[in-house]
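Quick notes on the structure that follows.
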């Protein structure tokens, strides 16, 4: 299947981020709740279990066919780095973004 075919019907941006980043993106208009009550964002704080982050990542990258882009704070991606590094699909596209308290860093090794 070509990348163009994979993109069909994908129109949402999903977000896995801290509360401040999530608030900003929702205020910018990306927030969505579908008919089943599934949100396209997942808020992470210092009490959020790694398993919950992994579950949100899997839900947005594999289970949802309406997601075109997944944004994840870099410091949160570091918590699930093996899963992030293993992801290699064109859609949804995966982008790591900085947060207010964790500026973007290039400390992660590039393979």
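Read the figures in this text as sums done on the coordinates, not as results from a lab. These numbers come from a predicted model, not from an experiment. Using ideal geometry, Cβ is built from the backbone for each residue, glycine included, and neighbour counts are taken over all protein chains shown.
The rows are residues; the columns are (1) surrounded by 12 or more Cβ atoms within 10 Å (Cβ to Cβ); (2) under 16 Å from residue 18 (Cβ atoms); (3) touching a residue at least 40 places away in the same chain (Cβ under 8 Å).
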residue: 41; (1), (2), (3): yes, yes, no
residue: 72; (1), (2), (3): yes, yes, yes
residue: 92; (1), (2), (3): yes, no, yes
residue: 96; (1), (2), (3): yes, yes, no
residue: 99; (1), (2), (3): yes, yes, yes
Test set (1) exposed (fewer than 12 other Cβ atoms within 10 Å of the Cβ); (2) within 17 Å of residue 99 (Cβ to Cβ) - residue 36 fails condition number:
(2)
